[in-house]
Ligand SMILES: [Zn+2]
């Protein structure tokens, strides 16, 4: 959709959204602030970013809370990043979680790991550069399992250590989710 189309679209005010969903205007305003920040990564016009964010919030007031912040290493979204972004909610649904941490997509690994979950900052970082989308999805499922463990107060400090109970669960959950993905998307794996 072009920016001009978005500006032409009807948007509702923060007050209207709050009233419609029976939530506080303060919450909507806070979500809008976050949304504008995120949308500004795709447009240099703050007005356009505001319109896009309002359109999302109109459909779903907790849109940005659920989606988490997605950072990109490049201005253009890579096909892998787009694929991962499109499947975050699906993976979360498989795990039965309805909140999401921030999710950062980066091109290059800073450590030896392709994925990390930082419970202190509530952020999952995934390396997407030169990786197969399916591999990234598996890492996402693994790290989201750690997020779930943290939500349920079951993630110990060394929870990510090889052989730990939490790590085994993350590996096996990721395995199950990827099997389900393959079943639902056989065409994707044939490529
Ligand atoms: Zn792990």
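Summary table
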read-out	value
Matching residues in segment 83-121 - criterion: being touching a helix residue (DSSP H, G or I) at 6+ places or on another chain (Cβ under 6 Å) and in a loop (DSSP other than H, G, I, E, B)	95, 97, 100, 101, 114, 119
Any hit, segment 157-177, residues being surrounded by 13 or more Cβ atoms within 10 Å (Cβ to Cβ) and modelled with pLDDT under 90	yes
Residue among 99, 162 that is outside the structural domain of residue 38 (by TED's automatic domain parsing) and within 13 Å of the ligand (Cβ to nearest atom)	162
Whichever residue in segment 1-29 is under 13 Å from residue 55 (Cα atoms) and modelled with pLDDT of 60 or more and, among such residues, is surrounded by the fewest Cβ atoms within 10 Å (Cβ to Cβ)	13
Some residue of segment 122-130 being within 12 Å of the ligand (Cβ to nearest atom) and part of a helix (DSSP H, G or I)	no
Candidates 143, 169, 187 - the one that is more than 19 Å from residue 102 (Cα to Cα) and within 11 Å of the ligand (Cβ to nearest atom)	169
Of all residues making up segment 94-142, the number that are exposed (fewer than 15 other Cβ atoms within 10 Å of the Cβ), within 24 Å of residue 61 (Cα to Cα) and more than 12 Å from the chain's Cα centre (by Cα)	2
In segment 146-156, residue surrounded by the most Cβ atoms within 10 Å (Cβ to Cβ) [restricted to those that are part of a helix (DSSP H, G or I) and away from the ligand (no atom under 11 Å from the Cβ)]	148
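The values are calculated or read from the model by the stated rules, or taken from the named source; none is laboratory data. Values in this document were obtained by computation on a predicted structure and should not be read as measured data. Every residue, glycine among them, receives a Cβ derived from its backbone with ideal geometry; neighbour counts consider all protein chains shown.
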